[in-house]
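The values are calculated or read from the model by the stated rules, or taken from the named source; none is laboratory data. Everything quoted here is computed from the prediction, not taken from an experiment. Neighbour counts are summed over all protein chains in view; Cβ atoms, including those assigned to glycine, are modelled from backbone coordinates with ideal geometry. These area figures cover heavy atoms from the full protein model, side chains too; ligands, DNA and RNA do not enter into them. Shrake-Rupley method; radii C 1.70, N 1.55, O 1.52, S 1.80 Å.
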Amino acid sequence: EYSMRLFDIGVAAIVLILLHPVLIMIALWIKVVSPRGPILFSQDRVGLNQSVFTMYKFRTMVTNAEEKTGPIWVSEEDARYIFGGKWLRRTSLDELPQLINILKNEMAIIGPRPERPFFVEKISKTVPHFQQRHKIKGGITGWAQIHGRAFLTNKPKEKCRYDLYYIANRSFALDIKILLKTCIVVIKGEQA
């Protein structure tokens, strides 16, 4: 566990240092195309041992995107994106602020994607063992993400199966495999 934490801190710090010009450019872009809203979007998520924490993303949608609908998952035809927001999401660049969550020890590089409390409560009623995902910290990427992030977004049962496989077979080698596959998926723009 200690070595996993060092791995998380190391990767997060290196990526933040290397990509800080990109982070600045994204922040400026969001402010230009959507000046009234914040640059970062924060949202409650359920993490290790079902603790709730604030997860950060670059804002890709209009402010108050769920005001009329309540909590909903993103769909393929979603019309709530700001200009360029869909691209940020497709390339996963919107996820980069979660490196802050990693440094704060709220998330890991690899792990089940943290879900919102609303959806955790809803899914737990129909998907057995869903809460077992909270035995480890949630991650920026994971076994489920490299097997079809967009496809699995609204398929919690299938996503849970991948997450439980990862928890049962967790290792440094598997983490490296997931990290490398994530890079390929992001570069190719697959399953976003």
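Are any residues in region 1-37 among the hydroxyl-bearing types (S, T, Y), part of a helix (DSSP H, G or I) and either under 18 Å from K177 (Cα atoms) or at pLDDT 90 or above (or both), and if so, which ones?
Of all residues in region 1-37, those among the hydroxyl-bearing types (S, T, Y) come to 2-3, 34.
Next cut, part of a helix (DSSP H, G or I) only: 2-3.
Hit for region 1-37 is S3, nothing else.
Where residues in region 13-49 are under 19 Å from M107 (Cβ atoms) and among the charged types (D, E, K, R), which of them is surrounded by the fewest Cβ atoms within 10 Å (Cβ to Cβ)?
D44
Give the residues of region 75-116 that are part of a loop (DSSP other than H, G, I, E, B), over 26 Å from Q131 (Cβ atoms) and modelled with pLDDT of 90 or more, sorted by residue number.
F83, G84, L96, P97
Is at least one residue of region 147-166 closer than 25 Å to I39 by Cα, of a type outside the set (A, V, I, L, M), at pLDDT below 90 and assigned to a helix (DSSP H, G or I)?
Step one: list which residues in region 147-166 are closer than 25 Å to I39 by Cα, which gives 149-150, 153.
Keeping just the survivors that are of a type outside the set (A, V, I, L, M) gives 149, 153.
Then keep just the ones that are at pLDDT below 90; that gives 149, 153.
Subset that is assigned to a helix (DSSP H, G or I): 149.
Within region 147-166, one or more residues are closer than 25 Å to I39 by Cα, of a type outside the set (A, V, I, L, M), at pLDDT below 90 and assigned to a helix (DSSP H, G or I).
Restricting region 117-139 to residues that are in contact with a strand residue (DSSP E or B) (Cβ under 6 Å, 6 or more places away or on another chain) and outside any helix (DSSP H, G or I), which is farthest from G10 (Cα to Cα)?
My answer is K137.
Here are some residues: D78, D94. Which one is among the charged types (D, E, K, R) and touching a helix residue (DSSP H, G or I) at 6+ places or on another chain (Cβ under 7 Å)?
Details: D78 fails: touching a helix residue (DSSP H, G or I) at 6+ places or on another chain (Cβ under 7 Å).
Matching residue, one of D78, D94: D94.
Tell me which residues, restricted to region 1-12, are open to solvent by 80 Å² or more (accessible area, probe 1.4 Å) and among the hydrophobic types (A, V, I, L, M, F, W, C).
Once the filter is applied, which keeps residues that are open to solvent by 80 Å² or more (accessible area, probe 1.4 Å) and among the hydrophobic types (A, V, I, L, M, F, W, C), region 1-12 yields only L6.
Can you pull out every residue in region 96-134 that is open to solvent by 20 Å² or more (accessible area, probe 1.4 Å) and under 20 Å from L28 (Cβ atoms)? I'd like the intermediate steps shown before the answer.
Initial filter on region 96-134 (open to solvent by 20 Å² or more (accessible area, probe 1.4 Å)): 96, 100, 103-106, 113, 116-118, 121-122, 124-126, 128-129, 131-132.
Result: L96, I100.
Among the residues of region 132-141, how many are in contact with a helix residue (DSSP H, G or I) (Cβ under 6 Å, 6 or more places away or on another chain) and either among the small types (G, A, S) or under 12 Å from E115 (Cα atoms) (or both)?
Qualifying residue count, region 132-141: 4.
Answer yes or no as to whether V120 is out of contact with any Phe, Trp or Tyr (no Cβ under 9 Å at 6 or more places or on another chain), hydrophobic (A, V, I, L, M, F, W, C) and more than 28 Å from L6 (Cβ to Cβ). If you could, list the steps in order and put the result at the bottom.
Working: out of contact with any Phe, Trp or Tyr (no Cβ under 9 Å at 6 or more places or on another chain): no; hydrophobic (A, V, I, L, M, F, W, C): yes; more than 28 Å from L6 (Cβ to Cβ): yes.
Answer is no for this residue.
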